Amino acid sequence: MRKSEIARETKETKIYLSLDVDECEEVRIDTGIGFFDHMLNLFARHGRFGMDLSVEGDYEVDNHHVIEDTGIVLGKAFKEALRDKSGIKRYSSMFTPMDESLSRVCVDISGRGMLVFDASFTCERIGAMETEMIEEFFRAFALSSGITLHVAVMYGKNNHHMAEAIFKGFARALKEAVSIDKSVEGIPSTKGIL
């Protein structure tokens, strides 16, 4: 089983995460930011990832530290759970509609963290979450996990739908990329390491 558990405490946040990449028996998420919880729940359910996540943070400042640090911890948890990445599919691309919005998410579990993000939100916040923090979450995840991630909203009008299409697409693409391909022997790289 590919699992990990991380506890991280700084002067700004206190985060606990238990992750199961293969089984989604349990999903409990509490970041203290309602819309962010909603997006992470979508991610866990659509990716079929078991997650127990609790976050405390300096909400009196703003949501930046909580969201970015959650991305860091989630990225590290995936990196740890995948170990040497032997037998994984490695690549995946997903187009995901959410009503009038359409996202495209492409994943390469390359060992080289990179984010390319192309989404234009038209409001400052969705619920209590700043829309600019969506990109920051994905950047923190990509750099901490060593995953190359390309995220785009092809089109959309409703900011909630646009964000939802991104998180659902991310879940589906990541699940495909981390899945085991029985035809792959060892590490899926000519370098022999990811």
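FYI, it's all coordinate maths here, none of it is from the lab. Remember, it's a predicted structure, so these values are computed and weren't measured experimentally. Quick reminder, even Gly has a Cβ in these numbers, built from the backbone with ideal geometry, and neighbours come from all protein chains shown.
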*Specify the angular offset, from 0 to 90 degrees and rounded to the nearest 10, of the alpha carbon long axis of helix 34-47 from the longest principal axis of the alpha carbons in the chain.*
20 degrees
*asked:* Order 69-80, 101-112 from most to least packed using the mean count of other Cβ atoms within 10 Å.
replied: 69-80, 101-112
*Which of Ile187, Phe167, Ser18 sits closest to the plus end of the dipole of the chain, meaning its Cα is farthest towards the positive end, when Lys and Arg get +1 and Asp and Glu get -1 on the C-beta?*
Ile187
*Arranged from highest to lowest average of other beta-carbon atoms within 10 Å per residue, in what order do the peptides 27-33, 147-153, 179-185 appear?*
147-153, 27-33, 179-185
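So for Ile187, Ile193, fewest C-beta neighbours within 10 Å to most, what's the order?
Working: Ile187 17, Ile193 8.
With the fewest neighbours first, Ile187, Ile193 line up as Ile193, Ile187.
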*Please list the non-local residues whose amide H lies under 5 Å from the amide H of Arg125, H modeled 1.01 Å from N, same-chain partners needing a gap of 5 or more.*
Thr131
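As a test of the formula, what do you get for the chain when each DSSP H run with n ≥ 4 contributes -39,500 (n - 2.57) and the sum is divided by the residue count, at 222 nm and rounded to the nearest 500 deg cm²/dmol?
-11500 deg cm²/dmol
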*Once you put a point 7 Å from the Cα of Asp58 and another 7 Å from the Cα of Glu132, both along the Cβ direction, what distance in nm separates them?*
1.7 nm
_Tell me the label only: which of [x] 35, 17, 15; [y] 28, 17, 16; [z] 25, 20, 14 is semi-axes √(5λ) of the Cα gyration tensor in Å as calculated from this structure?_
[z]
*Peptides 114-125, 56-67, 160-171: what's the order by average Cβ count within 10 Å, highest mean first?*
160-171, 56-67, 114-125
_Amide H of Arg2 versus every other amide H placed in the peptide plane: which residues, excluding those fewer than 5 positions away on the same chain, fall under 5 Å?_
Val21, Asp22
*Return the aspartates and glutamates within reach of Lys89: Cα separation strictly under 19 angstrom, same-chain partners fewer than 8 residues apart disregarded; answer none if there are no such residues.*
Asp20, Asp22, Glu23, Glu80, Asp108, Glu176, Asp181, Glu185
_Rounded to 10°, Cα long-axis angle of helix 132-145 versus longest principal axis of the chain_ = 20 degrees
*Total charge dipole magnitude, segment 3-178, about the Cα centre, Cβ charges on Lys, Arg, Asp, Glu only, Debye to nearest 20*: 860 debye
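What share of the DSSP beta bridges in segment 3-178 is antiparallel, in percent to the nearest 5?
On the way: 32 of 41 bridges.
Counting only bridges with both partners in segment 3-178, antiparallel ones make up about 80 percent.
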